[in-house]
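The values are calculated or read from the model by the stated rules, or taken from the named source; none is laboratory data. Fair warning: this is a prediction, and the values are worked out from it, not measured in the lab. With ideal geometry, Cβ positions are generated from the backbone for all residues, glycine too; neighbour counts draw on all protein chains shown. Protein only, heavy atoms only, side chains kept; ligands, DNA and RNA dropped before computing areas. Shrake-Rupley method; radii C 1.70, N 1.55, O 1.52, S 1.80 Å.
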Amino acid sequence: MTVTTLGPCRFRSPRSGFVSEDERVPANIIRGPGRDDDPGPLFELAGPREMLFFDPPRVRAGIVTCGGLCPGLNNVIRSLVRELHGGYEVREVIGFRMGYGGLDPRNHHEPVVLHHSSVDDIHQQGGTILGTSRGPVDVAAAVDNLIRRKIDMLFCIGGDGTQRGAFAIYEACKARGHALAVVGVPKTIDNDVLYVDRTFGYLTALEEARHVIDAAHNEARSVENGVAVVKVMGRHAGFIAAGATIASQDVNFTLVPEVPFRLDGEHGFLAAVIERVRDRGHAVVVVAEGAGQDLFPAEPKATDASGNVKLKDIGPFLAKAIGEAFAAAKLPLTLRYFDPGYQIRSRPANCEDAVLCDMFARQAVHAAMAGKTGMVVGQLHGTFIHVPTALIASGAKQLDTDGLFWHSVLAANQQPDRFG
Ligand SMILES: Nc1ncnc2c1ncn2[C@@H]1O[C@H](COP(=O)(O)OP(=O)(O)O)[C@@H](O)[C@H]1O
Ligand SMILES: O=P(O)(O)OC[C@H]1O[C@](O)(COP(=O)(O)O)[C@@H](O)[C@@H]1O
Ligand SMILES: [Mg+2]
């Protein structure tokens, strides 16, 4: 599957180490001879192209960060600016402020000019120097503004919602015949973006979650019948809960959206916690925010400004249920509850994420300079690729509960496959 290119590439690149337009990375691993395995989509390899669509010194680039915070946003901004200025000698890079809202001039978020020096230290800070937002964007007004400002390429740093917005901008530009390269960089601590082995921010989130789990474990095991409940982010996917369980090895129960569970009954979650505490004196529970949503009464679903369904708060719900179950069993309990979501996602990037951010950003610039559009930089099998945005927006990645990763969770925490 190829990505759209804006037109013929007529300018010679100042970079080196070019990749060929013919190299492809299959989505799926072929498991062996004699099997009719589907390789899935075949993705273009990311990297510098020998011939460019844009003439570098004439380029005007724009950058926008959208959605929830994520460690590494500033690293990506910095490496985009540095690759544009330093690698290609692009003269004008503009940062749109406060997410997609900043693309619409009626919102009065004046964009900032990003220089080589203005991004010097930003990678050491969490958050985003450009600001971010959720909420609808008037695509027509945004595209009008991009055309008026003569923007040639727009880097959209964000998660699934951002990439759906980027796709709408790409389509609107196509319809209006404006040659804008719209290139996405996949952000989210949730790690739930399709065709991306690892989004930036995810490993920092695991590291931070592990510190909280260490604290939870110390609290739980230092008192009589201590139970610590840690809620981590993860709307529709349990990658943070699962990864932090494996990293910590001190978690006894890991609840994720992909595996529904029952609270009550002989084989329910609550009986398992009581058994564990009777046996070992303490327990650590990690719950992803999207887990157990079916335990709440069905009612019309509220959404946030971006249209994301607002989840019911599983953490306190679980803590209350554990308290009631211990009371019914006439067992003393010391319960500790941790909700470190915002503390985790506002951290600066750790070392692995800093490397990933830089790699994603530079591949995004190479793609845009070659006139690639309607695409996101992805990563599969350790290789950077170009993924059509339509494919990214077609769904979300979830834990494979038959896969190695989830099996490692079950091996680490020794919980049963299912509760109830
Ligand atoms: N289908 C869509 N069309 C246009 N804009 C969208 C669409 N879906 C989401 N957006 C916009 O993308 C931005 C980021 O989306 P959001 O879901 O908040 O975060 P994330 O990108 O991290 O998933 C918001 O401004 C939101 O309104
Ligand atoms: O910022 P809010 O509105 O509190 O949203 C919280 C959500 O943001 C996230 O941290 C990140 O989600 P996005 O990447 O989609 O922005 C989720 O893990 C969490 O569910
Ligand atoms: Mg999202």
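Rounded to the nearest 10 square angstrom, D294 shows an accessible area of 110 square angstrom against a 1.4 Å probe.
How far, in degrees from 0 to 90, does helix 239-248 lean away from the longest principal axis of the Cα atoms of the chain, to the nearest 10? Between helix and principal axis, roughly 60 degrees. Values of log10 I(q)/I(0) for region 286-420 across q = 0.13, 0.14, 0.19, 0.22 Å⁻¹ run -0.95, -1.06, -1.40, -1.42, by the Debye formula with one identical scatterer at each alpha carbon and no solvent.
For each pair in K372/K397; K174/K372; K320/K397; K150/K372; K174/K397, compute the distance between the two Cα atoms and list the pairs where it is over 20 Å. Result: K372/K397; K320/K397; K174/K397 exceed 20 Å. Take every pair of alpha-carbon atoms less than 8 Å apart whose residues are at least six positions apart; their mean separation over the length of region 161-207 yields a relative contact order of 25 percent. Does anyone have the angle between helix 351-369 and the longest principal axis of the chain? Alpha-carbon axes, 0 to 90°, nearest 10? Compared with the principal axis, the helix lies near 30 degrees.
For E21, the solvent-accessible surface with a 1.4 Å probe is about 80 Å², rounded to the nearest 10. Ignoring aspartates and glutamates fewer than eight residues from K231 along the same chain, the ones with Cα atoms less than 12 angstrom from its Cα are E289, D313, D339. Picking from I392, F419, H366, whose Cα lies most toward the positive end of the charge dipole for the chain (charges on Cβ: Lys, Arg +1; Asp, Glu -1)? Toward the positive end, the furthest listed residue is H366.
Taking the Cα centre of region 1-148 as reference, the dipole from Cβ charges on Lys and Arg (+1) and Asp and Glu (-1) amounts to some 260 debye.
A simple spin-label model places the labels of D279 and V113 6.6 nm from each other, with each point 7 Å out along Cα-to-Cβ. Remark: C-alpha extents of region 371-420 on the principal axes read 51, 24, 13 Å, sorted largest to smallest. Quick one: compute the contact order of region 277-420, relative version, from alpha carbon pairs under 8 angstrom and 6+ residues apart, as a percent. Relative contact order comes out at 10 percent.
Dimensions of the chain from C-alpha coordinates, computed as largest minus smallest value along each principal axis and given longest first, are 76, 59, 40 Å. Here the contact order of the chain, divided by its residue count and restricted to Cα pairs under 8 Å and six or more residues apart, works out to 23 percent.
The spacing between region 44-121 and region 223-274, judged by their C-alpha centroids, is 40 Å. Once the Cα atoms are used to define both axes, helix 160-176 deviates from the longest principal axis of the chain by about 20 degrees. Computed about its Cα centre, the charge dipole of the chain is approximately 960 debye, with only Lys, Arg, Asp and Glu carrying charge at their Cβ. Overall, the accessible surface of region 210-298 at a probe of 1.4 angstrom is composed of carbon and sulfur to the extent of 44 percent. Protein-only accessible surface at a 1.4 angstrom probe places the residues D304, D104 in the order D304, D104, largest first.
The charge dipole of region 73-129, taken about the Cα centre with unit charges on the Cβ atoms of Lys, Arg (+1) and Asp, Glu (-1), comes to about 100 debye, rounded to the nearest 20. Looking at region 365-420, the accessible area is 37 square angstrom per residue; that uses a 1.4 Å probe and ignores ligands, DNA and RNA.
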